[in-house]
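Working notes, beginning with the structure itself.
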Amino acid sequence: GKHVVTANKLVLAKWGEELFSAAAEEKVQLYYEASVGGGIPVIRGINESLTADRIEQIIGIINGTTNYILTKMTLEKASFETALKEAQEKGYAEADPTSDIEGYDAAYKLSIMSRQAFGVRIDPDSIYREGISKISTRDIDYAAKFGYTLKLLAIAEEDDNSLELRVHPAMVPVSHPIASVNDSFNAVIIRGKAVGELMLYGRGAGDLPTGSAVIGDLISIMRSNICTGTSNKYGSTLHPKRLKEAGENRTGFYIRLNVRDVAGTLGSISTIFGKHNISILSVTQDVGEDNNASLVFFTHKAMEKNMKASLENIKKLGNVNRVESILRVEDFN
């Protein structure tokens with residue numbers, strides 16, 4: 001019978017519906033502004049300021065730990081291991097950093113935002129998720145060479161009553177505002193049908209930003225502000241929407257291969273891409289040692305399942321030693 005304020009994203013992501021039902025039954029309010037983005041008013045923004053709009057897309061940097069690590073790797077050329085150790089020393093990362101670096105934390109937050117923005121129950125385990133532990137400084141160097149920087153993105157997009165949800169590292173153009181979000185800062189871009197793109201930016205974690213959000217929720221309850229965060233607002237109206245399979249997702253791709261530097265290798269790879277309807281945007285070759293070379297491809301947007309099938313065939317080519325890296329490219333078009 002008590003109102004509840006929480007900052008616990010895992011509980012809301014996994015058992016939110018049970019909590020919403022209990023709050024509705026008891027006619028009390030459940031607030032959770034601090035569960036996503038620390039002191040950034042993402043929850044209130046979606047449910048108050050944008051309540052008259054139709055949200056089409058959310059793109060966010062919503063994990064400060066991974067953003068700090070990628071910033072260190074980009075600006076200071078630190079290795080992943082060194083950057084992670086620094087994040088732990090500063091208190092940005094736990095002793096066991098799995099939830100952050102493997103994208104679980106971002107998936108929990110994305111499910112909460114998507115539940116509000118699109119009115120659909122989201123199982124966080126159904127969100128396509130990929131972490132940053134396999135990213136190397138070499139990938140970051142190639143990104144910079146082609147005008148990109150690497151960020152761990154959480155993306156939700158509605159299209160024809162189908163919902164695309166994914167969390168993964170991605171190359172973003174250095175000219176885009178989200179590329180300049182560094183260190184432990186967070187940013188959320190919300191695209192509405194009427195308002196276009198909005199960007200919320202700030203401290204996504206920490207005692208003072210999180211505390212500010214919690215106290216803000218308490219004050220809202222004290223004011224009986226039923227337009228913000230009530231159990232009815234957040235817990236009752238759901239809409240049937242289809243969650244896309246991971247293979248249906250469409251993005252640009254960056255692929256780095258280690259190959260034998262012999263005639264015909266590039267042609268064979270290009271043929272396989274063509275057979276799977278993947279258009280190459282650019283290709284670069286860097287010759288290494290022992291007659292080996294790195295081939296780096298950037299592609300136009302392609303279906304995830306087509307890329308997966310292509311790489312399975314490419315791995316079977318005699319002149320391909322290994323697939324060293326595959327990352328998505330988000331041009332925000």
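All Cα-Cα separations within the range 192-333 were binned at 5 Å from zero, giving a P(r) of 2, 8, 13, 13, 11, 9, 8, 8, 8, 8, 6, 4, 3, 1, 0, each value a whole percent of the pairs.
Whole-Hz Karplus values for the range 75-90 come out as 8, 10, 6, 6, 6, 4, 4, 5, 5, 5, 4, 5, 4, 5, 5, 7 Hz, taken residue by residue from phi with 6.51 cos²θ - 1.76 cosθ + 1.60 and θ = phi - 60°; glycine and proline positions read x. Working from the Cα coordinates of the range 155-195, the gyration tensor eigenvalues give, after taking √(5λ), semi-axes of 23, 14, 10 Å in decreasing order. Close amide H contacts of ALA93 (hydrogens built in the peptide plane, cut-off under 5 Å, sequence separation of 5 or more or a different chain): GLN88. Taking the longest Cα principal axis of the chain as reference, the axis of helix 265-275 is set at about 50 degrees.
Note on the range 1-141: percent of Cα-Cα distances in each 10 Å bin, starting at 0 and stopping at the bin with the largest distance, equals 11, 36, 31, 17, 5, 1.
If every alpha-carbon in the range 104-155 counts as one equal scatterer, what log10 I(q)/I(0) does Debye give at q = 0.21, 0.22, 0.32 1/Å? Log10 of I(q)/I(0), two decimals: -0.77, -0.80, -1.23. Just to be sure I understand the curve: with the Debye formula and one point per C-alpha of the range 259-302, what is log10 I(q)/I(0) at q = 0.27 Å⁻¹? Debye intensities relative to I(0), on a log10 scale: -0.98.
In this structure, the amide hydrogen of LEU243, modeled 1.01 Å from its nitrogen in the peptide plane, lies closer than 5 angstrom to those of LEU163, counting only residues at least 5 positions away or on a different chain. Nonpolar atom fraction for the chain, defined as the carbon and sulfur part of the 1.4 Å probe accessible area, stands at 49 percent. A simple spin-label model places the labels of VAL4 and LEU198 2.7 nm from each other, with each point 7 Å out along Cα-to-Cβ. Quick one: pull the percentage of alpha-carbon pairs in the range 96-253 with a separation above 20 Å. Here the long-distance tail beyond 20 Å is 60 percent of all Cα pairs in the range 96-253.
Report the paramagnetic label zone for ASP331: residues of the range 135-158 whose backbone N is under 19 Å from a point 7 Å from Cα along the Cα-to-Cβ axis. Counting only backbone N, you get 142-151.
Annotation for the range 1-64 versus the range 299-313: alpha-carbon center distance of 36 Å. With R₀ fixed at 25 Å, the C-beta to C-beta distance from LYS85 to GLU245 puts the FRET efficiency at about 0.10.
With protein chains left intact and a 1.4 Å probe, residues in the range 1-86 average 42 Å² of accessible area per residue. The DSSP beta bridges internal to the chain are antiparallel in roughly 85% of cases. GNM on the chain, C-alpha springs below 10 Å: top fluctuator among GLY45, GLY16, GLY91? Greatest mean-square fluctuation among the candidates belongs to GLY91.
Of all beta bridges that DSSP places with both ends in the range 13-169, some 85 percent have antiparallel geometry. Once all protein chains are placed together, VAL320 keeps about 10 Å² accessible to a 1.4 angstrom probe.
Report D for the chain in µm² per second (integer): Stokes-Einstein, Kirkwood Rh on Cα pairs, 25 °C, 0.890 mPa s. Roughly 116 µm²/s, to the nearest whole number.
The values are calculated or read from the model by the stated rules, or taken from the named source; none is laboratory data. What you are looking at is a predicted structure, and each value in this text was computed from that prediction instead of being measured. With ideal geometry, Cβ positions are generated from the backbone for all residues, glycine too; neighbour counts draw on all protein chains shown. Ligands, DNA and RNA are excluded from the accessible area calculation, which covers all protein heavy atoms including side chains. Shrake-Rupley method; radii C 1.70, N 1.55, O 1.52, S 1.80 Å.
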